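Asks: So that we are looking at the same thing, I have put the structure below in structure tokens.
The values are calculated or read from the model by the stated rules, or taken from the named source; none is laboratory data. Because the structure is predicted, anything quoted here is derived from the model rather than measured. Neighbour counts are summed over all protein chains in view; Cβ atoms, including those assigned to glycine, are modelled from backbone coordinates with ideal geometry. For accessibility, only protein heavy atoms count, side chains too; no ligands or nucleic acids. Shrake-Rupley method; radii C 1.70, N 1.55, O 1.52, S 1.80 Å.
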Amino acid sequence: KRVLCGVVIEYFFVVGELYLAVTAWQLRQWRYIQLANLAPGLLFLSYYFFLPESVRWLVTKERYGQAYSTLQTVASRNKVQLPTQREMEAFKKRAEGGAEPSESLLDLLRRPRLSCRLVVVFLCWFVITMIYYGLSMNASSLAGDVYVNFALLSLCEVPGYTLSYLGMAWLGRRASLSSSLLVGGVACLVSSLAASHRTTST
């Protein structure tokens, strides 16, 4: 469920943006806004007492007993049958026998196809981030109340995240990424042309 979980996390990001808009509208002073938005984050320190340790991390540290105990807890909560201890031991022996040598980032750069994909991912991340924050910060230049504008821009992300999930579920990642970049680029160009046309006409 990686795709679903990745999209659901973004909905909570929208909730955080709306919380920021409300606190900024109420407090108006940046120091108080910072404190109001920092305080809820302190609750995450309580996760240490509730969240189990990562099973993958425990396995890499060869703490197999604790990893198996965590897997038992996860299996019971999900109501699935966990492999027996003997099966887990056999899997561990097979994994240790066929262990692959560790690889680093330099090994990735030695493969031209993977290096090209890495550059494309970096470029997409840079462009998407710049456009996202550029549009978000542009809320201050729109007509009307800046707090309402920012809240409305945040709410516009909800259908976007929903469409991204549907696209990845039905079309795949490549098609949804390329089509969303194309639509976003065309929308920005149309908006820029419309703004320049209004400027020249006035």
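Asks: Does residue 133 count as under 25 Å from residue 17 (Cα atoms), aromatic (Phe, Trp, Tyr) and either touching a helix residue (DSSP H, G or I) at 6+ places or on another chain (Cβ under 6 Å) or not in a helix (DSSP H, G or I) (or both)? I'd like the intermediate steps shown before the answer.
Replies: Numbers: under 25 Å from residue 17 (Cα atoms): yes; aromatic (Phe, Trp, Tyr): yes; either touching a helix residue (DSSP H, G or I) at 6+ places or on another chain (Cβ under 6 Å) or not in a helix (DSSP H, G or I) (or both): no.
Spelling it out, it is not the case that residue 133 is under 25 Å from residue 17 (Cα atoms), aromatic (Phe, Trp, Tyr) and either touching a helix residue (DSSP H, G or I) at 6+ places or on another chain (Cβ under 6 Å) or not in a helix (DSSP H, G or I) (or both).
Asks: A further question on this structure: Pull out all pairs, ordered by first then second residue, where Cβ-Cβ is under 7 Å, the residues are six or more apart or on different chains, the first lies in the range 168-190 and is closer than 16 Å to residue 123 by Cβ, and the second is in a helix (DSSP H, G or I) and open to solvent by 70 Å² or more (accessible area, probe 1.4 Å).
Replies: 184/131
Asks: When you scan the range 78-121, how many residues do you find that are modelled with pLDDT of 70 or more, open to solvent by less than 60 Å² (accessible area, probe 1.4 Å) and of a type in the set (Gly, Ala, Ser)?
Replies: Matching residues across the range 78-121 total 2.
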